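Following: one structure in C-alpha cells, then a few remarks.
The values are calculated or read from the model by the stated rules, or taken from the named source; none is laboratory data. Computed from a prediction, not measured in an experiment: that's the story for all the values here. We place every Cβ from the backbone using ideal geometry, glycine too, and count neighbours over all the protein chains shown.
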C-alpha cells in the first residue's frame, strides 16, 4: 500500500488501516442497535451488515479480513474527496497560496461554507473538504489546479489507474455526481493513504476547524460522528447522495497497537452507517482476542 506522500515520491509503503461506516449506537433504533450475525460457508459466525457493501482491511499485508460485496462498483458520494485530496497533493501545491472562490464553485454545491469572491488558502480548502465535506472547497481545489477542472478530473482517473484501483472512476471532484464510482475495497486503499499521510491524516481526525478567508473566520465540525463517541477512531470520511446511500470510511486503532480500516457503503441512513462501523470494528477486535465469533461490548 502507498501513502499520499509516497504518490508524490513514487508511492512509498503505508501502514495498517481500517475503514468503517455507521453512526453512534445511542441514535440507532432497538433492532439496529443489536449486533447481527450469520454463519458463513464454513460455519463461522460473521457480521450480518445492513449496508450494501463493507470491508475490514489490512493495507500493510493486503489482506481482506472480512468483506461483503467489497468489489462491487457503487456511487461513493463525498468519499470522492479522498481521491481529490490525493490528486491535489500529488501536484506539490503551496498550501499557503490563496485563491478566489468563483460563483461556479458554490452554485448548487449542496454543502459549502464559502462565498463568491472570497480569498481562501489551499490549506483551508483541504480542511473544509475533508472535515466539513465542503463541495465548494473541492471544486476550488480542482478548478485552480493546473489545466482547470477537466484536467484535474483526468488526473484523478489516471491516479486511480496508477494505484491499481480498478473499480474507481470519477466525473467530478466533489462527489455530487453519481457517476463517481468505486468499491469498498478501493476506498479502503484510499482512506489508508489519506489517513496515514502526515499532512492529510491529522485533518481527517480533527473534530472541528476554524477556517479563514480574507473577509471572515468561521468554524466547521467534522461530519464523522464517530470522532465524538469512539476513542479508537484515528480518522475518516463520510459521504451521502441519494444514489450512493450513506457511506463511511474510518481508520481505527486496535488495542494492541495496530490500526485497521473499515469501509461501509450504501447504508440506509446515517445512524446505520456509524453503527455498522462500530459493530465491524468491535467484532474484529473480539475475534482477534480469541472470542468465538468476535464480540461487541455495545
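Looking only at the range 46-87, filter to residues that are touching a helix residue (DSSP H, G or I) at 6+ places or on another chain (Cβ under 6 Å) and in a helix (DSSP H, G or I); which one of those is nearest to residue 124 (Cα to Cα)? Taking the candidates together, the pick is 85. The conditions of being modelled with pLDDT of 95 or more and farther than 21 Å from residue 71 by Cβ are met by residue 221. Note on the range 177-199: residues that are in contact with a helix residue (DSSP H, G or I) (Cβ under 6 Å, 6 or more places away or on another chain) and assigned to a loop (DSSP other than H, G, I, E, B) amount to 2.
The set of residues in the range 219-235 that are out of contact with any strand residue (DSSP E or B) (no Cβ under 6 Å at 6 or more places or on another chain) and either under 20 Å from residue 99 (Cα atoms) or touching a residue at least 40 places away in the same chain (Cβ under 8 Å) (or both) comprises 222, 225, 228, 229, 230.
Does residue 130 meet the test of being buried (at least 22 other Cβ atoms within 10 Å of the Cβ), touching a strand residue (DSSP E or B) at 6+ places or on another chain (Cβ under 9 Å) and without any contact (Cβ under 8 Å) to a residue 40 or more places away in the chain?
Values: buried (at least 22 other Cβ atoms within 10 Å of the Cβ): yes; touching a strand residue (DSSP E or B) at 6+ places or on another chain (Cβ under 9 Å): yes; without any contact (Cβ under 8 Å) to a residue 40 or more places away in the chain: no.
It is false that residue 130 is buried (at least 22 other Cβ atoms within 10 Å of the Cβ), touching a strand residue (DSSP E or B) at 6+ places or on another chain (Cβ under 9 Å) and without any contact (Cβ under 8 Å) to a residue 40 or more places away in the chain.
For the range 244-295, filtered to residues that are part of a loop (DSSP other than H, G, I, E, B), at pLDDT below 90 and touching a strand residue (DSSP E or B) at 6+ places or on another chain (Cβ under 9 Å), the residue that is surrounded by the most Cβ atoms within 10 Å (Cβ to Cβ) is 294.
Select from the range 159-170 the residues that are surrounded by 13 or more Cβ atoms within 10 Å (Cβ to Cβ) and either in a helix (DSSP H, G or I) or in contact with a strand residue (DSSP E or B) (Cβ under 9 Å, 6 or more places away or on another chain) (or both) and list them in ascending order.
Within the range 159-170, the first condition is being surrounded by 13 or more Cβ atoms within 10 Å (Cβ to Cβ), and the residues that meet it are 159-160, 162-163, 165-170.
Of everything in the range 159-170, those that are surrounded by 13 or more Cβ atoms within 10 Å (Cβ to Cβ) and either in a helix (DSSP H, G or I) or in contact with a strand residue (DSSP E or B) (Cβ under 9 Å, 6 or more places away or on another chain) (or both) turn out to be 159, 160, 162, 163, 165, 167, 168, 169, 170.
Tell me whether the range 13-30 contains one or more residues that are closer than 23 Å to residue 275 by Cα, touching a strand residue (DSSP E or B) at 6+ places or on another chain (Cβ under 8 Å), surrounded by 13 or more Cβ atoms within 10 Å (Cβ to Cβ) and modelled with pLDDT of 95 or more. No, there is no match, as no residue in the range 13-30 is closer than 23 Å to residue 275 by Cα, touching a strand residue (DSSP E or B) at 6+ places or on another chain (Cβ under 8 Å), surrounded by 13 or more Cβ atoms within 10 Å (Cβ to Cβ) and modelled with pLDDT of 95 or more.
Considering only residues of the range 138-152 that are farther than 11 Å from residue 100 by Cα and touching a residue at least 24 places away in the same chain (Cβ under 8 Å), which is surrounded by the fewest Cβ atoms within 10 Å (Cβ to Cβ)?
The residue in question is 146.
The residues of the range 61-90 that are under 21 Å from residue 222 (Cα atoms) and either within 13 Å of the chain's Cα centre (by Cα) or free of Cβ contacts under 8 Å to residues at least 40 places away in the same chain (or both), listed by number, are 76, 77, 78, 79, 80, 81, 82, 83, 84, 85, 86. Against the numbered list (1) modelled with pLDDT of 95 or more; (2) closer than 24 Å to residue 167 by Cα, residue 210 comes up short only at (2). Scanning the range 173-221 for residues that are within 13 Å of the chain's Cα centre (by Cα) and closer than 21 Å to residue 105 by Cα, we see that the one that is surrounded by the fewest Cβ atoms within 10 Å (Cβ to Cβ) is 174. Scanning the range 88-99 for residues that are part of a helix (DSSP H, G or I) and within 14 Å of residue 137 (Cβ to Cβ) returns a single hit, 88.
Contact map, the range 159-178: residues that are on the phi > 0 side of the Ramachandran plot paired with residues that are part of a loop (DSSP other than H, G, I, E, B), Cβ distance under 9 Å, separation 6+ or inter-chain. Pairs shown: 175/76; 175/133; 175/244.
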